[in-house]
Each structure stands twice: as structure tokens, then as C-alpha cells.
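Visitor: I'd like to ask some things about the structure below.
No lab work stands behind these numbers, since they all come straight from the coordinates. Keep in mind it's a predicted model, so treat the numbers as computed, not measured.
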Amino acid sequence: MSEKSRTNVKEIEVSELGKPFVKGSHVAFTFHRHHFVGTVEKQLKNSAILVFDKEFAKTMTAMDMKQKIVISYSKIQFLEEK
């Protein structure tokens with residue numbers, strides 16, 4: 001990618017539903033009826049890119065998805081801090 005095209009990259013406008021899910025937020029989510037826990041890596045307009053927690057890293061789903069998954073904000077819940 002050239003220097004000129006990098007400066008023209010548009011900022012992603014995150015929806016109101018997604019604004020609380022900032023990068024680094026610890027969240028729970030469901031994918032194909034299985035429950036997982038992960039961390040927000042990047043916010044998109046209507047969804048977020050999540051990284052699976054280490055305890056789920058060896059699951060078939062996490063390995064198939066290469067440890068990252070895109071999930072809608074409506075399917076993500078914050079985890080309670082202990």
C-alpha cells in the first residue's frame with residue numbers, strides 16, 4: 001500500500017450499539033449455539049472483530065476461524081469483572 005493511499009483511509013463510523021465495545025473489552029458471545037469468551041480487537045460499523053480467549057483457543061470453532069471472528073454488536077455481552 002502506498003503512502004498516499006494510506007492517508008486516504010476512511011475512519012470507520014461505529015453504530016450507537018457498538019460504541020461501548022471499545023478495543024480491549026472482555027466480552028461473551030454465542031456462535032452456532034456455543035458460548036465463547038473473547039476480547040474486542042477492532043470495532044466495525046455494525047459488528048466487531050473478536051479474538052478468542054486462551055481457554056477457547058483449542059476449540060474447533062476457534063481453530064477454523066484462525067482465532068478471530070466477526071460478531072454483530074447485538075450478539076455480544078460485556079463480562080462482569082471479578
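Visitor: Which of 10/54; 19/58; 10/66 have a Cα-Cα distance over 28 Å? Mind showing how you got there, number by number?
Guide: On the way: 10/54 32 Å; 19/58 30 Å; 10/66 26 Å.
Where the Cα-Cα span goes over 28 Å, the pairs concerned are 10/54; 19/58.
Visitor: Gain in length, residue 63 to residue 34, computed as 0.36 nm per residue apart minus the alpha-carbon separation, to one decimal in nm?
Guide: So the chain would gain 9.0 nm between residue 63 and residue 34.
Visitor: Over the chain, calculate the relative contact order: mean separation of alpha carbon pairs under 8 Å at least 6 apart, over the residue count, as a percent.
Guide: Result for the chain is 28 percent.
Visitor: Next question, about the same structure. With each run of n ≥ 4 DSSP H residues scored as -39500 (n - 2.57), what mean residue ellipticity at 222 nm is computed for the chain after dividing by its residue count and rounding to the nearest 500 deg cm²/dmol?
Guide: Values: 2 runs with 10 residues, N = 82.
Value at 222 nm, helices only, nearest 500: -2500 deg cm²/dmol.
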